[in-house]
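Written below as structure tokens is the structure these notes are about.
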Amino acid sequence: MNHLFKIIAVILTTFMVVPLSAGASEGPISIIGKQDGGIGNTTNYLDEVPNISVDPKVNDIIYPLFSTPAIKEKNQSLTIKIDSQGKEAAGWAVKLKPTNHSALTETYELPVQKVTEGSSHWKNSSKIYDVTVQIPKNVPEELYDLEVTYTANGQRKTDQQPHSVKVLDKFNKDFTFLHLTDTHIGSPRNLGNQDDPSTVSPGRLKEAGMWDPDPKKRWLYLQKAIKEVNLKNPDFVVVTGDLMYGQMNPQEYIYEYDETYEMLQKLDVPVYLVPGNHDYYAQDATLADGAKYWEQYFGPQYFSFDYGPYAHFIGYNSFDWHKFDRSGHGTVSVPTWGGQIRQEQLEWVKKDLEENEKTAQPDQIKGLFSHHNPLWRDRDIWPQDDPDVQKYWKQYDEQHNPQSIETLTLGEKLGIQYDQQWHGENAHELIDVMKQNNVNLSLHGHTHIDDVTEKDGILYTTTTAIELSGKPWVGFRPFQVKNGNVTSYNYEEPGRSVPVYENGDTESGVMSLESEYKNPNDGHSTQQTVTIHNRLNKAMTVTIPIYLVKGDYDVSEGTVKQNVRSGDRQYVEVVITVPANSTKEIEIK
Ligand SMILES: [Fe+2]
């Protein structure tokens, strides 16, 4: 905490002494160089500030990561990618370790099967190793931290990635995943009535918990959503960006990235992350670039993953703009917050889908997810009879990229008037690629509303925000897949997500789905009572993790999915369906 306050103090001091207009606006447009962005080459503000350093979370392990975990069956092989920073490496040791959620202590050695020279689609390095290991049979079904140790230059080196490997007995043909979006840690918009930002309401103030010194009270809306997601225990979760705010002061990424990274580790399921505009601004372009922070905390901006043979997903960056377009002019205002995908990324998506088609079984679900929805193109939805709109697109087409200050300013004005959705290039092209490769699903955020549109055989879903500004409520969207078909994705019609708060009421703070443990759930008790409240209008099936002293136990309700002994602890996992608007109690002794 002290560290956090120190950071904020330094930022506030700097913020006060450096005029907001300093920075990008002083640089003539002619300095835009050949590199992407060209406005300064500094990774982050911290290079300039003594006594604060960024602690990169992505180091030697570049796959699997917290943001792109691997889901594997027992006995399957896993190929880990290691960037040895140019050094020759040998003497590999790979382990799975319990996550921050587990009261178990056992670690599992993964035998190394082979080591070869590798490559990465996102990380430039002169030396990448592909280290293939096997998941042992005795590893319980859980999410794990990965630890890799190797020798380079005569020294042992260890790197870790939390929550990066999920082990399964078996991939389920019928599976579930959840979509949440726009968590906006650090956002000041949570405090009052969303239609009148000048108001502050006591309930919302509490739920926002803006930088409360007690981490348990910060961003309660997100903490509550995560608790519900953990109860639902989906096979995986996708989060489509705007994880933080990034639009208050030019240096806030320093603390918001850190806070977001910590907060998302409260999820006890594999999570896949892509950036939104708020995570990717180059707010003060010479000092802080969100794109660089993303790489250091989460790694790739686009990637694909499989849920066994049953699903292939691509996460892509729909805020794929030149650094100049992503920059504010040294102020909190930004010219572009709409979507775009540039040619290089589009080609990668196309190639990935084509590669996947070669081996895909017929009932594989294919999904893409990003922050912006390519169906909603500004050129199509902004009113064509507005002379400013006509002028804007004319100038935009003539100058394209980079644009002049006048065009950017007009774009910002129109964006505020009509809002920016998919603002830039390649929306139609991307949709064509999706259609050509039999994509079923396209998942998005950005607008903070629920919407479902089916077009040309593709289901486009937009999900409301986790931030308190979400409409009609704060919520997440659960998807159910059965026999190769998406069978459910709405909590209720039309296209509604599951509300995080009872009846969507953020003021009350009451969760829609909640569990309470009578004793601490830490492996020191010999009995436990868990009460589950389902305040939703639909039955909910939840997974309850129970840690006890090792022994044999009877469970009063539900189905025991796992019963694992580890050291002197017993882990019992109970699955139970709680009918709509009711409470269930599980007793275990
Ligand atoms: Fe957002």
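A short reminder: the numbers here are calculations on the coordinates, not readings from a lab. Note that the structure is predicted; figures quoted are calculated from it, not measured. Glycine gets a Cβ as well: all are built from the backbone with ideal geometry, and neighbour counts include every protein chain shown.
Taking the average, over residues, of other Cβ atoms within 10 Å as the packing measure, peptides 493-505, 562-574, 420-432, 382-394 rank 420-432, 493-505, 562-574, 382-394 from highest down.
Return the subset of Lys224/Lys589; Lys266/Lys584; Lys561/Lys589; Lys166/Lys589; Lys81/Lys166 for which the Cα-Cα distance in this structure is over 19 Å, preserving the input order. Result: Lys224/Lys589; Lys266/Lys584; Lys166/Lys589 exceed 19 Å.
Among 213-219, 406-412, the peptide with the highest mean count of other Cβ atoms within 10 Å heads the list, and the full ranking is 406-412, 213-219.
Sequence-ordered 3J(HN,Hα) estimates for segment 215-226 from the Karplus curve with 6.51, -1.76 and 1.60 and θ = phi - 60° stand at x, 5, 9, 7, 6, 4, 4, 6, 4, 5, 4, 5 Hz, glycine and proline given as x. Working note: Karplus 6.51/-1.76/1.60 with θ = phi - 60° gives segment 565-570 the couplings 9, 9, x, 9, 10, 10 Hz, where Gly and Pro are set to x. Measuring r between the beta carbons of Val560 and Val486 and using R0 = 25 Å, the FRET efficiency lands at 0.30. For His524 and Asp306, the FRET efficiency from 1/(1 + (r/R0)^6), where r spans their Cβ atoms and R0 equals 45 Å, is about 0.70.
Computed from label points 7 Å out along Cα-Cβ, the spacing between Asp380 and Asn503 is 3.9 nm. Between Val549 and Glu493, the simple spin-label model (points 7 angstrom out along Cα→Cβ) gives 5.5 nm.
Rounded to the nearest 0.05, what FRET efficiency do Asp451 and Glu355 give with R0 = 25 Å and r taken as the Cβ-Cβ distance? Could you check?
On the way: r = 31 Å, r/R0 = 1.24.
The computed FRET efficiency comes out at 0.20.
Can you give the local net charge around His428? Use residues other than it whose beta-carbon is closer than 14 angstrom to its beta-carbon, Lys and Arg +1, Asp and Glu -1.
Details: positive: Lys350, Arg377, Arg379, Lys435, Lys455; negative: Asp378, Asp380, Glu425, Glu429, Asp432, Asp456.
Computed value for this residue: -1.
Please give the calculated 222 nm ellipticity per residue for the chain, where each DSSP H segment of at least 4 residues contributes -39500 (n - 2.57) and the sum is spread over every residue; nearest 500 deg cm²/dmol?
Helix-only estimate at 222 nm: -6000 deg cm²/dmol.
Taking a straight line from the alpha carbon of Lys394, these lysines sit under 20 Å away, with near neighbours fewer than eight places off in the same chain left out: Lys413.
Taking a Cβ cut-off of under 12 Å around Leu536, the surrounding Lys, Arg, Asp and Glu residues balance to a net charge of 0, with basic ones at +1 and acidic ones at -1. For Ser512, the residues whose amide H sits under 5 Å from its own are Tyr501, Glu502, ignoring neighbours fewer than 5 places away on the same chain, with H placed 1.01 Å from N.
Bridgeable aspartates and glutamates around Lys123 (alpha carbons under 19 Å apart, same-chain partners fewer than 8 residues away excluded): Asp36, Asp55, Asp60, Asp83, Glu88, Asp159, Asp289, Glu295, Asp320, Glu344, Glu347, Asp352. Computed packing ranks the peptides 471-483, 110-122 as 471-483, 110-122, most packed first, by mean other Cβ atoms within 10 Å. Contact order for segment 513-588, expressed relative to its length and based on alpha carbon pairs under 8 Å spaced 6+ residues apart, stands at 38 percent.
Our coupling estimate for segment 68-77, obtained by passing each phi through the Karplus curve with A = 6.51, B = -1.76, C = 1.60 and θ = phi - 60°, is 9, x, 9, 10, 9, 7, 4, 6, 6, 8 Hz, Gly and Pro reported as x. Sorted fewest first by neighbouring Cβ atoms within 10 angstrom, Met248, Met434, Met263 come out as Met248, Met263, Met434.
The long axis of helix 405-418 is offset from the longest Cα principal axis of the chain by roughly 50 degrees. Within the set of other residues whose C-beta is less than 11 Å from the C-beta of Thr105, count the net charge using Lys and Arg as +1 and Asp and Glu as -1. Charge balance in the 11 Å sphere: 0. For Lys350, a cut-off of 17 angstrom between C-alpha atoms picks up these lysines, skipping any fewer than 8 places away in its own chain: Lys358, Lys366, Lys435.
Report relative contact order for the chain in percent, whole number only (criteria: Cα-Cα under 8 Å, sequence separation at least 6). Mind dumping the intermediate values first?
Numbers: 1391 pairs, mean separation 78.8, N = 589.
With pairs under 8 Å counted, the relative contact order is 13 percent.
Just to be sure I understand: of the beta bridges DSSP finds with both ends in the chain, what percent are antiparallel, rounded to 5? Close to 75 percent. Based on C-alpha pairs under 8 angstrom that are at least 6 apart in sequence, segment 351-509 has a relative contact order of 21 percent. Short to long, the 20 Å bins of the Cα pair-distance histogram for the chain hold 19, 55, 24, 1 percent of all pairs.
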